[in-house]
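Working notes for the structure below.
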2 protein chains.
Amino acid sequence: MEKAKRKEKEFIARRQEILDEAEIIFAAKGFHAATMAEIAQGSGFAIGTLYQFFQGKEDLYVSMVTEKLQLMYQEIRDAVQAREGAIQKVEALVKAYFLFVENNAGFCTFFIRSDGATLPDVSNALREQMIEAYLGQIQFIEGIIEKGIAEGIFPPEKARDHSFALSGIIRGIIFDWLVGAQQGSLAGKTELVTDIFLNGVLINQKNKR
Amino acid sequence: MEKAKRKEKEFIARRQEILDEAEIIFAAKGFHAATMAEIAQGSGFAIGTLYQFFQGKEDLYVSMVTEKLQLMYQEIRDAVQAREGAIQKVEALVKAYFLFVENNAGFCTFFIRSDGATLPDVSNALREQMIEAYLGQIQFIEGIIEKGIAEGIFPPEKARDHSFALSGIIRGIIFDWLVGAQQGSLAGKTELVTDIFLNGVLINQKNKR
DNA sequence: AGGCAAAATGAACGATAATTCATTTATTGA
DNA sequence: TCAATAAATGAATTATCGTTCATTTTGCCT
């Protein structure tokens with residue numbers, strides 16, 4: 001079984017090379033404008049070879065997006081799980097999001113902007129899958145917030161709305177960073193975001209309505 | 001000049017019919033999967049006729065998106081301008097956003113989800129234009145917040161971040177509504193959103209860090 | 001009415017790029 | 001070394017629309 005294992009490893013490695021190139025091309029030009037010829041050229045394989053690894057262009061695209069997304073969600077989950085209290089978990093969530101975006105700006109520039117959902121073209125299956133993945137992430141955030149409710153620091157019955165709100169703030173700040181010069185540390189805005197989410201923007205309590 | 005005016009009016013009306021059908025088709029299938037034949041069929045014109053009104057498919061798409069967007073931003077501007085204080089303006093902003101989405105769910109389902117920006121395919125010109133339009137909207141929100149700073153209720157130097165945060169919360173809640181059953185009133189969530197933005201989610205001040 | 005201009009029509013064209021597959025090249029085991 | 005098997009190749013095929021434009025229809029004015 002020594003040989004089969006090495007074969008398998010090589011297969012995975014080549015597949016990943018193709019995926020990496022696909023990410024660059026798709027991110028730069030979008031699904032339709034990107035061609036299989038470019039991706040083949042860029043990854044150093046012949047066009048036909050791509051079809052040994054993926055059923056077609058759509059499969060390649062879907063694989064690239066879903067595998068990258070899964071990576072992101074995994075990183076975030078891990079970071080959050082490593083912390084204890086609800087507030088610490090919120091902080092970890094925001095920071096993990098920001099770090100992933102900083103390290104994957106190319107991918108995120110064309111993807112995060114699309115709210116984890118649409119890409120109305122390409123494939124309905126992918127759209128559904130991405131919406132589902134995003135809603136899964138929302139549920140994960142809900143879990144954090146429900147922990148906060150149990151701790152008595154968050155109000156009950158609003159976990160879902162608050163999850164979308166937090167996710168929205170994070171995405172808003174990410175968008176700013178991606179579209180702007182991508183300069184300065186995005187992770188450095190972690191405290192800003194958690195502050196807005198936890199305390200709002202009013203200067204002091206007397207303004208509370 | 002009587003005749004020319006009527007001609008002009010008819011031209012605009014026909015053009016709008018095409019745009020309305022284009023909105024439906026593009027929203028349902030995205031730019032590439034939609035065909036000129038479908039749009040012609042749906043709007044009751046021949047394929048060639050579409051080219052009397054638009055230079056081509058891309059022009060039709062860009063026109064549809066930008067004109068609809070402009071409408072949305074106009075509605076929001078008007079609603080905000082009608083109110084006085086910064087907090088009232090924030091409320092008006094959120095509510096106007098929500099009302100537009102409720103009345104244009106089809107358009108928003110495929111567009112708002114994409115964060116006012118990307119659509120990486122189609123045309124670079126459109127992407128730039130849409131990012132610019134979104135940033136214009138952000139600047140408009142910044143204006144509101146700066147008014148709040150002048151009123152002494154918002155902290156200085158964070159207007160831009162807070163604008164993105166508010167926009168993000170709004171989009172987050174909209175996303176929930178669009179992807180969910182689109183049931184219940186979205187406008188009814190206005191207070192929830194302004195509350196989160198102004199006061200955060202912590203139950204009371206003693207939890208402030 | 002009847003002729004002129006503007007608008008509408010949709011079949012045919014052309015360009016693009018995904019996919020296929022017959023052929024070539026590399027790898028393996030005896 | 002040399003079959004035999006697996007993998008890689010890329011030219012040729014094929015399908016799909018966007019666009020064009022010669023023709024028809026409509027509307028307008030005298």
| field | Inter-chain Cβ neighbour average for residues A:191-198, partner chain, 10 Å | value | 5
| said: Loop-only trypsin sites (Lys or Arg not before Pro) in segment B:118-199, please: DSSP not H, G, I, E or B, and at most 16 other Cβ atoms within 10 Å. | reply: B:Lys158
| note | Ranked from fewest to most other Cβ atoms within 10 Å of their own Cβ, A:Asp195, A:Asp20 fall in the order A:Asp20, A:Asp195
| Cross-link table A:Lys95/A:Lys189; A:Lys29/A:Lys95; A:Lys68/A:Lys147; A:Lys147/B:Lys158, entries beyond 18 Å C-alpha to C-alpha | A:Lys29/A:Lys95; A:Lys68/A:Lys147; A:Lys147/B:Lys158
| said: Quick check: the distance between the Cα centres of segment B:124-153 and segment A:138-173, to the nearest angstrom? | reply: 26
| request: Kindly write out, for segment A:34-50 in residue order, the coupling ³J(HN,Hα) from the Karplus curve 6.51 cos²θ - 1.76 cosθ + 1.60 (θ = phi - 60°), rounded to whole Hz, with x marking Gly and Pro. | output: 6, 10, 4, 4, 4, 5, 4, 3, x, 8, x, 10, 7, 3, x, 5, 4
| said: Could you work out the relative contact order of chain B? I mean the mean sequence separation of Cα pairs under 8 Å and 6+ apart, divided by the number of residues, in percent. | reply: 19
| Based on the Cβ-Cβ distance from B:Glu157 to B:Ala28, what FRET efficiency comes out when R0 is 41 Å, to the nearest 0.05? | 0.40
| Can you pull the mean other chain C-beta count within 10 Å for peptide A:152-162? | 4
| Exam field: B:Glu75 pseudo-label spacings to other copies (7 Å along Cα-Cβ), nanometres | 3.8
| note | Pseudo-spin-label distance B:Asp59 to A:Gln74, built 7 Å along Cα→Cβ, given in nm, is 4.9
| task | Based on other C-beta atoms within 10 Å, arrange B:Val179, A:Val65 from fewest to most. | result | B:Val179, A:Val65
| said: Defining the label point at 7 Å along Cα→Cβ, can you sort the distances from A:Gly44 to the same site in each other copy, shortest first, in nm? | reply: 6.1
| Distances over 35 Å make up what percent of all Cα-Cα pairs in the protein assembly as shown? | 34
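Give me B:Ser185, B:Ser43 ranked fewest to most by other Cβ atoms within 10 Å of their Cβ, as a rough exposure proxy.
B:Ser185, B:Ser43
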| request: List the distances, in nm to one decimal, from the label point of B:Gln139 to the label points of the same position in every other copy, shortest first, placing each label point 7 Å from Cα along the Cα-to-Cβ direction. | output: 4.3
| query | Looking only at A:Gly152, A:Gly136, A:Gly85, which one moves most when chain A is put into a Gaussian network model with springs between Cα atoms under 10 Å? | reply | A:Gly152
| query | Given the convex hull of the Cα atoms of chain B, what is a quarter of its surface area in nm²? | reply | 15.3
| query | What area, in nm² and to one decimal, does the C-alpha convex hull of segment B:24-92 cast on average over all directions? | reply | 6.0
| task | Run the numbers on segment B:63-115 and let me know its relative contact order in percent, using alpha-carbon pairs under 8 Å that are six or more apart. | result | 29
| field | Surrounding net charge for B:Ser185, when Lys and Arg each add one and Asp and Glu each subtract one, Cβ distance under 11 Å | value | +1
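Bear in mind that the values in this text are calculations on the coordinates, not laboratory data. Everything quoted here is computed from the prediction, not taken from an experiment. Glycine also receives a Cβ, built like all others from the backbone with ideal geometry; neighbour counts cover every protein chain displayed.
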